[in-house]
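The values are calculated or read from the model by the stated rules, or taken from the named source; none is laboratory data. Values in this document were obtained by computation on a predicted structure and should not be read as measured data. Quick reminder, even Gly has a Cβ in these numbers, built from the backbone with ideal geometry, and neighbours come from all protein chains shown. The area values use the complete protein model at the heavy-atom level, side chains included, leaving out ligands, DNA and RNA. Shrake-Rupley method; radii C 1.70, N 1.55, O 1.52, S 1.80 Å.
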Amino acid sequence: MSLKRQLIFAGMYLAYGYSRLMGLGPFGRCRPAYCPADTLKRTAPTSKISRNKLKAALHRQHVHQYHDASCSVASVATLLNAIAQLSGSAGPPVSQQALLKRVRCGHWQERMQPEGHQGRRGLPLKVLGAVTMASLKAYGIRPQKIEVVPTPAHPAKALRERLRQRLVRFEERGDCAVLAHFNQGALVPALSIPHISPVCGYDRTRDRVLILDVDPDQPAPYTVSFDCFYRALSCEYLGLLRPFGYRHGGYVFVALDPAACGQ
């Protein structure tokens, strides 16, 4: 590991320790509420489950990342297999390794290696959008729309509201999906590093977002407030990760043909 990377990680560990000591972020107001699968089944309204087949499919196809930098692979595989399940596509789920071998966009496979691509591991937001589109296309899925949405730290109110309405649309209609690119350490007790996972629910009454985290260290899906969720999306990592392509996070929005969602 280069000296620069060592210094960045040292700073991340210091920030983690400070947050824990002071009760900030996931140790304070943004503490996640973990939701084991049996709890979700008991509390979710039956009518919404019947309308939102995509939500149930995401839970069934949820996989964990196979190493520390492969959250993008697990997230895209989860989404791809969930959509394929609803559309009635034959065959077993696509594995993460098979996905990487087939989709060569964005030097994805190289970015999963220890040395990365030109020293860069993981996927910035723009590359995540490109590999998501390429993955769906490679397996014969034609979404109505794919949009990559950066979320700056000081957004216009309309940008936040559009995200909220898209979460409502996913929850109530199940004809779209959101892959979140966020600061993991802002939501769970972990280092403040870029992370990717699917969104799998939104409680409009409580204004809480359900994250189907692909990190195997997370014991279950969890909910966080919308404000904390947006703060994690818009984190700029103090500018430390800009040389590696990470200015801030955002999300990839995928609008689907209702027929592909079993509607």
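Some observations on this one:
Every residue, every condition in (1) buried (at least 17 other Cβ atoms within 10 Å of the Cβ); (2) more than 15 Å from the chain's Cα centre (by Cα); (3) of a type in the set (Val, Ile, Thr); (4) outside any helix (DSSP H, G or I), yes or no:
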| position | (1), (2), (3), (4) |
| --- | --- |
| Trp108 | yes, yes, no, no |
| Glu115 | no, yes, no, yes |
| Gly140 | no, yes, no, yes |
| Glu161 | no, yes, no, no |
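- Among the conditions (1) in contact with a Phe, Trp or Tyr (Cβ under 7 Å, 6 or more places away or on another chain); (2) at pLDDT 95 or above; (3) closer than 21 Å to Ala74 by Cβ, the only one that Arg164 does not satisfy is (3).
- Unmet requirement for Val127, which otherwise passes all of (1) under 19 Å from His64 (Cα atoms); (2) in contact with a Gly (Cβ under 6 Å, 6 or more places away or on another chain): (1)
- Hits in region 95-120 (condition: in contact (Cβ under 8 Å) with a residue 24 or more places away in the chain, in contact with a helix residue (DSSP H, G or I) (Cβ under 6 Å, 6 or more places away or on another chain) and not small (Gly, Ala, Ser)): Gln96, Leu99, Leu100, Arg102, Val103, Cys105, Trp108, Arg120
Results for (1) modelled with pLDDT of 95 or more; (2) assigned to a helix (DSSP H, G or I); (3) among the β-branched types (Val, Ile, Thr), shown as yes or no for each residue.
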residue	(1), (2), (3)
Pro152	no, no, no
Glu172	no, yes, no
Val178	yes, no, yes
Ser192	no, no, no
Ser197	yes, no, no
Cys200	yes, no, no
Asp213	yes, no, no
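- In region 228-250, the residues that are farther than 21 Å from Ile211 by Cβ form Cβ pairs under 6 Å with partners that are assigned to a loop (DSSP other than H, G, I, E, B), at six or more places apart or across chains, as follows: Gly245/Pro124.
- Top-ranked residue in region 229-263 [being farther than 30 Å from Ile8 by Cα and open to solvent by 10 Å² or more (accessible area, probe 1.4 Å); ranked as modelled with the highest pLDDT]: Asp257
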